[in-house]
Structure formats: C-alpha cells, structure tokens
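Student: One structure, pasted below without further comment.
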Amino acid sequence: MLKQLLALGKLILTGIFSFIFFFFLLFVIQGDWQEGRGPEIFGWTSFTILSNSMEPTFSAGDVVIMQPKKVIQEEDIVTFMTPSRKLYTHRIVDSYKENDTLFYTTKGDNNNIVDEDAIVSEQIVGTHVLTIPKLGFISDYVRQPVGYGLLIIAPITMYLLLSGYELILKKRREAS
C-alpha cells in the first residue's frame, strides 16, 4: 500500500512540476516582453500591467489576458498601441464618429482625465478577459538569470530527491 501511495505521489508531483515548468518556459520564451507583452496563444495575448493607472481594477504586476474582439463597446477594457508603438491598457469611456471613422476615448480608472489622443479600432490589440494578480512579478523574476536557473534547477532537484528516496526505500525493502 505504501509503495502504491509513493508511486502515486511521485506521479502527481512530477505532473505538477512538469506543468509549472512548461507553463513558465512557454511564458518566458514565447513572449517578446516589450512593454510587458507576453505570449500569444490562439489569438489571446497576455500583458503585464506596468503602472497603477487602472487601480482598483488591476495593479502594477498583474497579468491581463486579452482576446481579439470585433465589436468594441463603452466600458470595455482594451489594450491598444499608440503611434509611438507603446501599449496601454485603459477603459473605453466614449466613442464618436468623424469623417466615417469611429474613434474611442480611453481613460485609466485611476486617472482624473481622459487620454489625450483618441484611438481607432485598428489600434486595439484586444479586450480584457481575465486578470491574474501579481503573476507579472513572478514572470519578471523568471526572466532574470537566478530565476531562470531556479526554474530549471528546482524541478530537476525535486525529481532527483524523489527518485533517491524511492531508491532508498527499495533497498531497505530488499534488505529486510
């Protein structure tokens, strides 16, 4: 019975560490990390929030998941790219048409005034779907040499420790 429980525990821990390892590996390798942009999977993109302009909705260090959306409405939270190639995540507060072009006015929830320039739909990268609090701090740490080393060393160490423990138990059983 103990042998079966240890095997099951090893299998579960190996699965958990493998998932964490490959999730963070995907997160680190696939993202281009300019202006907090993370990986894109099936058109959905993650972004790390770099300022507190959207508090209390989300804070610096949170990761937001955005999906492409054709129809944009007031109160949608969008990530958009400015002409200077900077990314911002703000809320749509108004829209208006000018010369057959639909413009959107945006504003950070924590800002007192609307953003200076209105945006058009072509600038919108995606609309907010999900927020993962503080994951941006972890991903930032993993991109550092020490964090990346721990990402690789920790799962390997855990696997070796479990294998060593299992080997010791096996030798004890054979000796008895």
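The values are calculated or read from the model by the stated rules, or taken from the named source; none is laboratory data. Being a predicted model, the structure only gives us computed values, none of them experimental. Methodologically, a virtual Cβ is constructed for each residue, glycine included, from the backbone with ideal geometry; neighbour enumeration extends over all protein chains shown. Surface accessibility is based on the protein's heavy atoms, side chains included, excluding ligands, DNA and RNA. Shrake-Rupley method; radii C 1.70, N 1.55, O 1.52, S 1.80 Å.
Student: Taking the stretch 74-176, how much of its Cα-Cα pair set, in percent, is spaced more than 23 angstrom apart?
Tutor: Of all Cα-Cα distances in the stretch 74-176, 56 percent exceed 23 Å.
Student: Across the stretch 93-100, in residue order, what do the Karplus-derived ³J(HN,Hα) couplings come to in whole Hz, using 6.51 cos²θ - 1.76 cosθ + 1.60 with θ = phi - 60° and x for Gly and Pro?
Tutor: Computed from phi, the couplings for the stretch 93-100 are 10, 6, 9, 8, 9, 8, 6, 6 Hz.
Student: Once you keep just the Cα pairs under 8 angstrom separated by 6 or more residues, what percentage relative contact order results for the stretch 29-176?
Tutor: Rounded, it is 21 percent for the stretch 29-176.
Student: Based on the Cβ-Cβ distance from ASN52 to LEU169, what FRET efficiency comes out when R0 is 45 Å, to the nearest 0.05?
Tutor: Calculated transfer efficiency: 0.30.
Student: How much net charge surrounds LEU2 when only other residues with a Cβ under 14 Å from its Cβ are counted (Lys, Arg +1; Asp, Glu -1)?
Tutor: Values: positive: LYS3, LYS10, LYS170, ARG172, ARG173; negative: GLU166.
Residues near LEU2 contribute +4 overall.
Student: Just to confirm the number: angle between the C-alpha axis of helix 2-30 and the first principal axis of the chain, 0 to 90 degrees, nearest 10?
Tutor: The two axes meet at around 30 degrees.
Student: Another question about this same structure. I'd like the accessible area for ASP100: 1.4 Å probe, protein heavy atoms, all chains in place, Å² to the nearest 10.
Tutor: Roll a 1.4 Å probe over it and ASP100 shows about 150 Å².
Student: Which order do the peptides 81-91, 43-53 come out in when sorted by mean C-beta neighbours inside 10 angstrom, highest first?
Tutor: Sorting 81-91, 43-53 by mean packing, highest first, produces 43-53, 81-91.
Student: On to the next question. What do you get for the angle between helix 145-175 and the principal long axis of the chain? Use alpha-carbon atoms, 0 to 90 degrees, nearest ten.
Tutor: So the helix axis and the longest Cα principal axis differ by about 20 degrees.
Student: Out of ALA154, ALA60, ALA118, any idea which swings most in a Gaussian network model of the chain, alpha carbons joined below 10 Å?
Tutor: Maximum among the listed residues: ALA154.
Student: Specify the longest stretch of the chain that does not include any exposed loop site, a site being one of the GluC sites (Glu not before Pro) with a non-H, G, I, E, B DSSP assignment and at most 16 other Cβ atoms within 10 Å. Intermediate values should be presented prior to the final figure.
Tutor: Numbers: sites that count: GLU74, GLU75, GLU116.
It works out to 1-73.
Student: Which value, in debye to the nearest 20, gives the size of the charge dipole of the chain about its Cα centre, when Lys and Arg are +1 and Asp and Glu are -1 at the Cβ?
Tutor: The dipole of the chain has a size of about 1560 debye.
Student: Note down the Stokes-Einstein diffusion coefficient of the chain in µm²/s, whole number, using a Kirkwood radius over alpha carbon pairs, 25 °C, and 0.890 mPa s.
Tutor: Answer from the Stokes-Einstein relation: 129 µm²/s.
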